1. Please work out which residue is nearest to the chain's Cα centre (by Cα), limiting yourself to the stretch 83-97 and to residues that are modelled with pLDDT under 85 and under 18 Å from residue 69 (Cα atoms).
2. Out of all the residues in the stretch 58-79, is one or more touching a residue at least 12 places away in the same chain (Cβ under 8 Å) and more than 19 Å from the chain's Cα centre (by Cα)?
3. Within the stretch 56-76, does at least one residue satisfy the condition of being farther than 19 Å from residue 13 by Cα and in a strand (DSSP E or B)?
4. Anything in the stretch 27-42 that is under 19 Å from the mean Cα position of the chain (by Cα) and either on the phi > 0 side of the Ramachandran plot or not in a strand (DSSP E or B) (or both)? List them, or say none.
5. Looking only at residues in the stretch 42-57 that are at pLDDT 95 or above and surrounded by fewer than 20 Cβ atoms within 10 Å (Cβ to Cβ), which one is nearest to residue 98 (Cα to Cα)?
6. I need a count of the residues in the stretch 43-55 that are in contact with a helix residue (DSSP H, G or I) (Cβ under 6 Å, 6 or more places away or on another chain), outside any strand (DSSP E or B) and closer than 21 Å to residue 2 by Cβ.
């Protein structure tokens, strides 16, 4: 069972999402209607995943995401928003969001992404990656590169493998995979697996199908 917190200023939307999670056997531990309340309730309830809207009163979702990730590193954030512009998406990912979904998606997409993120996987979708890649400039040659093994692991994850599957495919332990991922985060200056994948694609280290 995943402990979920909802942060959205639209009560009807929150109610619909809450019912969906509860029907799936998960627990919605708190609901916030603005960014400041989201931070306070995240501190109080320590959910596994926060489903975060970007446009909220008092404090926006990007700022709230950054504050939660800085203070509560174990709490993951999935952004669910009406915004689909690339700049806003990058801001959310840079703030530490592990997934990004449009409010036009189905609840099954929300559930699948939240569960993946709770397990430490990425909420990256190919559509999001393509749209972001079209908006970024060619990288400078002095940006940090990954080792062959690091690139191999990140490529496998970008292709949809879990860390457990990567460990089995490469004949290494899952802990070793996570050690490599931590090294990747340092090399690419990020704490988000989603952003690491996007950065590696932008650098030409890995590819998306």
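The values are calculated or read from the model by the stated rules, or taken from the named source; none is laboratory data. The shown structure was predicted, so the numbers you read here are calculated from the model rather than taken from an experiment. Cβ sites come from the backbone with ideal geometry, for glycine too, and all protein chains shown count toward neighbours.
1. Among those that are modelled with pLDDT under 85 and under 18 Å from residue 69 (Cα atoms), it is 93.
2. yes
3. Yes: the stretch 56-76 contains one or more residues that are farther than 19 Å from residue 13 by Cα and in a strand (DSSP E or B).
4. 35, 38, 39, 42
5. The extreme case among them is 46.
6. So the count comes out to 2.
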